[in-house]
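Laboratory data are not the source of any read-out in this text; all were calculated from the coordinates shown. What you see is a predicted model; the values in this text were computed from it and never measured. Methodologically, a virtual Cβ is constructed for each residue, glycine included, from the backbone with ideal geometry; neighbour enumeration extends over all protein chains shown.
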Amino acid sequence: YEKLLIRVFLSLASLMQDGVDAESYALQALDKHEQLRIAAQERWGKSIPETYCVPAIAPYLRGLMSEASMSNYDDALRGYTQAAALLPEASFLQVDMERAAHGVHSPPGHGVVVVIAMVGRGPYKIEVEELASQEALLIADRIVSAVGQYSVPPTLAPIKIPQIVSPAKPFDLVGIEVDGRPVSTTLPITDVHRLASETFAAKLPEVMARTVARRVVKKGAVYAAKDQMNLNSSLTSLAMDAAGVLWEATESADTRCWGLLPREIQVLRLELPAGAHRLNLEPVTQGRPVGSGTECRVSVVDGRNTYVLSYWPETRPIGQILVSHP
């Protein structure tokens with residue numbers, strides 16, 4: 001999912017400037033998803049669904065940009081349909097699909113403002129102990145030590161694997177006011193925490209297999225060393241077992257990850273009359289503001305898209321609210 005989100009954020013970065021490469025990055029994200037899905041299918045030997053690790057924001061951005069061209073409505077409908085398949089509960093995507101099917105970007109004299117809000121602090125990895133695997137290895141140690149010529153180091157050091165965690169969202173949605181008038185709120189398009197958790201759950205058997213295999217190889221190395229030295233001294237054997245336990249204790253889980261992602265990506269599409277407008281963005285929980293608003297100004301061009309991007313790790317956005325120039 002991180003490899004796909006890299007391309008999503010490259011697309012957003014392009015949209016905030018001249019937008020020349022934005023659609024290319026969006027297409028790369030979808031193409032990369034198919035590559036990852038096929039690779040996972042070959043590696044794990046089972047069917048991988050089309051929805052595997054794909055963020056709905058990727059096809060949604062493709063739909064927005066295709067629709068704004070006013071000539072690629074088929075591609076726009078395809079992008080919205082793919083996003084709706086990933087988020088069947090998102091009713092606003094049904095509206096987008098219907099609009100694209102009729103080939104109408106916006107009413108005459110109007111343009112579109114797309115508000116994209118990144119809400120909360122996203123997923124990261126922590127190290128946890130896998131007790132079930134540790135107990136299984138400990139039993140295996142006892143069996144090998146009982147029937148083999150030499151003992152193997154007992155599994156005293158815990159089996160360590162990564163786990164996905166995310167802080168709670170600081171608020172639910174971002175409320176939008178246009179020229180002092182409340183109009184709507186953003187709605188979730190990609191739950192990054194859920195995406196990370198589902199992707200990791202799919203990879204967990206492979207992670208567990210590698211972790212256990214690494215531990216078995218270390219035990220085998222100690223056993224082979226004893227066999228090579230033809231040990232007869234129980235004291236020397238015990239010393240080597242102790243060294244093996246210390247060796248196993250140096251293991252740690254791989255917790256490398258992209259730690260600056262948001263927990264959720266939310267969007268709102270507004271059709272506004274051409275001209276200058278003042279937008280106020282404020283955090284909302286259960287329909288009520290939970291923080292002060294932040295203003296920005298947008299210039300709406302007839303028949304064009306304007307993008308507004310903000311990041312809310314807490315109830316205040318980080319830095320400035322970015323506004324594209326259509």
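Neighbour counts of other C-beta atoms within 10 Å: give me Leu261, Leu246 arranged from fewest to most.
Least crowded to most crowded, the residues run Leu246, Leu261.
In nm, give the distance between the simple-model label positions of Ala276 and Glu251, each being 7 Å from the Cα along the Cα-to-Cβ direction.
6.4
In debye, nearest 20: dipole of the chain around its Cα centre with unit charges on the Cβ of K, R (+) and D, E (-)?
Charge dipole, the chain, about its Cα centre: 620 debye, nearest 20.
Between Met229 and Glu127, 0.36 nm times their residue separation minus their Cα-Cα distance comes to what?
That pair, Met229 and Glu127, stretches by 33.1 nm at full extension.
Filter the chain for me: DSSP H helices, axial length by Cα at least 27 angstrom, mean Kyte-Doolittle hydropathy not below -1.0. List them by residue number.
Correct list, ordered by number: 22-44, 192-229.
What residue among Ser69, Ser197, Ser166 shows peak mean-square fluctuation when the chain is described by a Gaussian network model with Cα springs under 10 Å?
Checking each option, the largest mean-square fluctuation is seen for Ser69.
Lys160: which aspartates and glutamates have alpha carbons under 19 Å from its alpha carbon, excluding same-chain residues fewer than 8 sequence positions away?
Within reach: Glu127, Glu129, Glu130, Glu135, Asp141, Glu206, Glu248, Glu251, Asp254.
What spacing in nm lies between the two simple spin-label points modelled at His325 and Ala201, each 7 Å away from Cα in the Cβ direction?
Computed distance between label sites His325 and Ala201 equals 4.6 nm.
Identify the residues of the range 21-37 with backbone N under 16 Å of a label point that sits 7 angstrom from the Cα of Ser71 along the Cα-to-Cβ direction, or state none.
Output list for this probe position: 23-24.
Less than 16 Å apart at the alpha-carbon level, and either on another chain or at least 8 residues along: which aspartates and glutamates does that give for Lys169?
List returned: Asp191, Glu264, Glu282, Glu314.
Each label point is 7 Å from the Cα along the Cα-to-Cβ direction; what then is the distance between the points at Ala85 and Arg297, in nm?
Here the answer is 4.4 nm between the modelled labels.
Can you tell me what percent of all Cα-Cα pairs in the range 1-93 are more than 15 Å apart?
In whole percent, the share of Cα-Cα pairs in the range 1-93 beyond 15 Å is 60.
Among Trp44, Trp258, which comes first, second and so on when ranked by fewest other beta-carbon atoms within 10 Å?
In increasing order of surrounding Cβ atoms, one gets Trp44, Trp258.
For Ile189, which sequence-distant residues (separation of 5 or more, or a different chain) have an amide H within less than 5 Å of its own amide H, given hydrogens modelled in the peptide plane?
It is Ile265, Gln266, Val267, by chain and number.
Work out, step by step, the length gained on full extension between Asp31 and Arg316: first 0.36 nm times the residue separation, then minus their alpha carbon distance; give nm to one decimal.
99.1 nm
Helix-only mean residue ellipticity at 222 nm, the chain, DSSP H runs n ≥ 4 weighted -39,500 (n - 2.57), per residue, nearest 500. What is it?
Estimated from H runs of four or more residues: -15000 deg cm²/dmol.
May I ask you to derive the FRET efficiency for Trp44 and Asp21 from their Cβ-Cβ distance with R0 = 56 Å, giving the value to the nearest 0.05?
0.95
Report the extension gain between Ala101 and Val216 in nm, rounded to one decimal, defined as 0.36 nm multiplied by the number of residues separating them, less their alpha carbon distance.
35.6 nm
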